[in-house]
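Nothing in this text is a laboratory measurement; each read-out follows from the coordinates by a stated rule. Given the structure is predicted, the values throughout are model-derived calculations rather than measurements. Here the Cβ positions follow ideal geometry from the backbone for every residue, glycine too, while neighbour counts run over all protein chains shown.
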Amino acid sequence: MKTHAKKVLLIVPSKIVARGIEAVLSELGEFRVEGILTDLSHASQMRLRNIDADVIVLDPVVFDFVSRSSVRSHISEYSDAAVVGLQTIPMDDEQKKQYDALIGLNDDPVLIVRKLRESLDSRQDNPETEEYDLSAREKEILVCVAKGMLNKEIADACNLSIHTVITHRKNITRKTGIKTVAGLTVYALLNNLIDSSSIDL
């Protein structure tokens with residue numbers, strides 16, 4: 001008996017392309033499309049946070065050109081799923097590094113499934129890939145901490161719940177190994193996230 005299908009989230013602006021991928025995966029049975037987002041608007045980000053996907057297939061056109069080199073850190077704010085790039089546009093090497101695998105519009109169904117499977121395997125083989133890179137949101141929280149802001153002040157400033165701020169702070173501590181505010185402030189200074197003139201000494 002087959003094990004249940006792995007869950008896939010598509011972030012693809014083209015509904016035709018998204019439905020085509022969904023049909024291919026449905027036919028082969030190993031992967032199942034759990035949701036389709038056409039952009040990364042605020043509403044879509046909330047859905048992304050709530051969909052427990054194993055793999056995210058992402059068309060890089062949902063990001064502006066500059067953001068395409070930080071796809072991994074952006075997605076890691078919402079999900080720890082494997083991220084597979086859908087090559088609909090040319091990508092440079094830095095942009096390609098953001099993905100666990102790349103699929104093309106002309107790939108045959110069996111190849112697509114194999115690449116999705118390999119993306120999951122690569123995440124399991126290297127669970128610490130990108131593990132210690134702070135996400136953009138975590139860097140934002142870290143800067144607030146370094147400025148001496150309390151959790152409630154950070155929550156208000158970043159339009160987050162206190163619970164979310166605490167979760168980000170735990171992730172920052174886990175990734176950096178630094179537990180004190182003073183240590184995190186030094187970390188922020190050394191990594192050019194903040195300059196000494198913006199903190200209270």
Segment 26-53, subset touching a residue at least 60 places away in the same chain (Cβ under 8 Å) and either surrounded by fewer than 20 Cβ atoms within 10 Å (Cβ to Cβ) or in contact with a Pro (Cβ under 8 Å, 6 or more places away or on another chain) (or both), residue farthest from Asp93 (Cα to Cα):
Glu27
Consider Val113 against the criteria (1) within 30 Å of Thr167 (Cβ to Cβ); (2) in contact (Cβ under 8 Å) with a residue 40 or more places away in the chain: it satisfies all of them except one. Which criterion is unmet?
(1)
Give me the pairs: first residue in segment 168-195 and of a type in the set (D, E, K, R), second residue exposed (fewer than 13 other Cβ atoms within 10 Å of the Cβ), beta-carbon distance under 6 Å, and six or more apart or on different chains, which are they?
Lys175/Tyr132
Quick check on my filter: what residues within segment 24-62 are in a strand (DSSP E or B) and touching a helix residue (DSSP H, G or I) at 6+ places or on another chain (Cβ under 8 Å)?
Phe31, Arg32, Val33, Gly35, Ile36, Leu37, Val55, Ile56, Val57, Leu58
Show the residue pairs meeting these rules: Cβ distance below 8 Å; 6+ apart or different chains; first residue within segment 138-157 and assigned to a loop (DSSP other than H, G, I, E, B); second residue hydroxyl-bearing (Ser, Thr, Tyr).
Lys147/Ser198
